[in-house]
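Asker: Please read through the structure below; I'll follow up with questions.
The values are calculated or read from the model by the stated rules, or taken from the named source; none is laboratory data. Everything quoted here is computed from the prediction, not taken from an experiment. Here Cβ is always computed from backbone atoms with ideal geometry, including for glycine, and neighbour counts include all displayed protein chains.
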Amino acid sequence: MTTKSPYEIRVERVRDTVRKHSALDDKTATDLAVQVLHALDTIPEKVR
């Protein structure tokens, strides 16, 4: 059993949300989740 990193858990959470509200497949939803998290992580903390 492998332990998931906090980042992996975040990607899965975003992926699952995207899949729930779209017709995207798992790979495409995961790729989009990675891009969304990258975009969110580049927002300065003061703005978030």
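Asker: Quickly run through the range 1-42 and pick out the residues that are outside any helix (DSSP H, G or I) and of a type outside the set (Gly, Ala, Ser). Before you say what the answer is, go through the steps one by one.
Answerer: Our first condition is that a residue be outside any helix (DSSP H, G or I); within the range 1-42, this holds for 1-5, 21-25, 42.
Met1, Thr2, Thr3, Lys4, His21, Leu24, Asp25, Thr42, listed by residue number.
Asker: Take the residues of the range 21-34 that are out of contact with any Lys or Arg (no Cβ under 9 Å at 6 or more places or on another chain) and exposed (fewer than 11 other Cβ atoms within 10 Å of the Cβ): which is farthest from Val11 (Cα to Cα)?
Answerer: This residue is Ala23.
Asker: Looking at (1) surrounded by 15 or more Cβ atoms within 10 Å (Cβ to Cβ); (2) modelled with pLDDT under 95, which is the only condition Thr42 fails?
Answerer: (1)
Asker: Could you grab me the full set of residues in the range 6-15 that are out of contact with any helix residue (DSSP H, G or I) (no Cβ under 7 Å at 6 or more places or on another chain) and surrounded by 13 or more Cβ atoms within 10 Å (Cβ to Cβ)?
Answerer: Glu12, the sole residue that qualifies.
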